[in-house]
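The values are calculated or read from the model by the stated rules, or taken from the named source; none is laboratory data. These figures come from a predicted structure and were not determined experimentally. So basically every Cβ, Gly included, is an ideal-geometry build from the backbone, and we count neighbours across all protein chains shown. Heads up: the accessible areas ignore ligands, DNA and RNA and are worked out on the full protein's heavy atoms, side chains in. Shrake-Rupley method; radii C 1.70, N 1.55, O 1.52, S 1.80 Å.
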Amino acid sequence: LPGRTFVGITYFDQDPIDLIELVRLGTDTTGASPRAIFQYQNLHRVKNRGWELKAEAQPLPQLNLGANFGRTRSTVQALDPSYTGDYVVGQRIPGQPGWTASARAAYSPVQGTNLSVDMFHFASWRAADFHGYLSDVYSGTYNPSERAYPSGYLMDYPALTKWNGGVSQALPHGLTVFVHVHNLTNSDRFE
């Protein structure tokens, strides 16, 4: 209804068990060319904690607004006795942004016509440089004893923001035509 505002907060505290990680065991040098040996191993237990704040408002009958903000943190809680990877108890698992946010606005200037714009933002995060790793592998310069994957390829990814927009028009007989453009600013930053 116009003039109404909703605010909600969600908190989660998960304790997943028997998670799997691809672990590098070493290098097989018995063949014509050395090759890395990997094995999926039980990481065992991880703690996922986080929260999300969500707000929605309709200040005018033809305008809807919304926003989300969230934080998540995953840490290693226990390792399987047979685990031989790089993680240690208490270590934060890479690959997650420090926080995320999104916002949207939808406007209906006339009955049946809707204009919308939305954005999402990822704060910076630390994860493996998969491009660098594959570049080394395919160029023949990969040396796991000097720079093992993934621990030797961890890098900080910069924050990124993406904008999307769209328009839709209701037609007779229950039909709707729409155009939605992803990445309005044509940003090619890594997601």
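Filtering the range 93-107 to residues that are modelled with pLDDT of 95 or more, surrounded by fewer than 17 Cβ atoms within 10 Å (Cβ to Cβ) and over 13 Å from Asn68 (Cβ atoms) leaves Ala105, Tyr107. Got at least one residue in the range 171-184 being out of contact with any helix residue (DSSP H, G or I) (no Cβ under 9 Å at 6 or more places or on another chain), farther than 30 Å from Val23 by Cα, surrounded by 13 or more Cβ atoms within 10 Å (Cβ to Cβ) and at pLDDT 90 or above? Taking every residue of the range 171-184 in turn, none turns out to be out of contact with any helix residue (DSSP H, G or I) (no Cβ under 9 Å at 6 or more places or on another chain), farther than 30 Å from Val23 by Cα, surrounded by 13 or more Cβ atoms within 10 Å (Cβ to Cβ) and at pLDDT 90 or above. The strands (runs of 3 or more DSSP E) found entirely in the range 1-110 that carry 2 or more residues being in contact with a strand residue (DSSP E or B) (Cβ under 8 Å, 6 or more places away or on another chain), in contact (Cβ under 8 Å) with a residue 40 or more places away in the chain and closer than 30 Å to Ala170 by Cα are 5-14, 35-60, 63-78, 100-107. Can you tell me which residue within the range 140-184, out of those that are among the aromatic types (Phe, Trp, Tyr), in a strand (DSSP E or B) and within 23 Å of the chain's Cα centre (by Cα), is farthest from Ala36 (Cα to Cα)? It comes out as Trp163. Scanning the range 112-132 for residues that are in a helix (DSSP H, G or I) and open to solvent by 30 Å² or more (accessible area, probe 1.4 Å), we see that the one that is farthest from Pro97 (Cα to Cα) is His131. I'd like to know if the range 60-73 contains one or more residues that are under 22 Å from the mean Cα position of the chain (by Cα), open to solvent by less than 40 Å² (accessible area, probe 1.4 Å) and farther than 20 Å from Phe120 by Cβ. Looking for residues that are under 22 Å from the mean Cα position of the chain (by Cα), open to solvent by less than 40 Å² (accessible area, probe 1.4 Å) and farther than 20 Å from Phe120 by Cβ, one finds none in the range 60-73, hence no.
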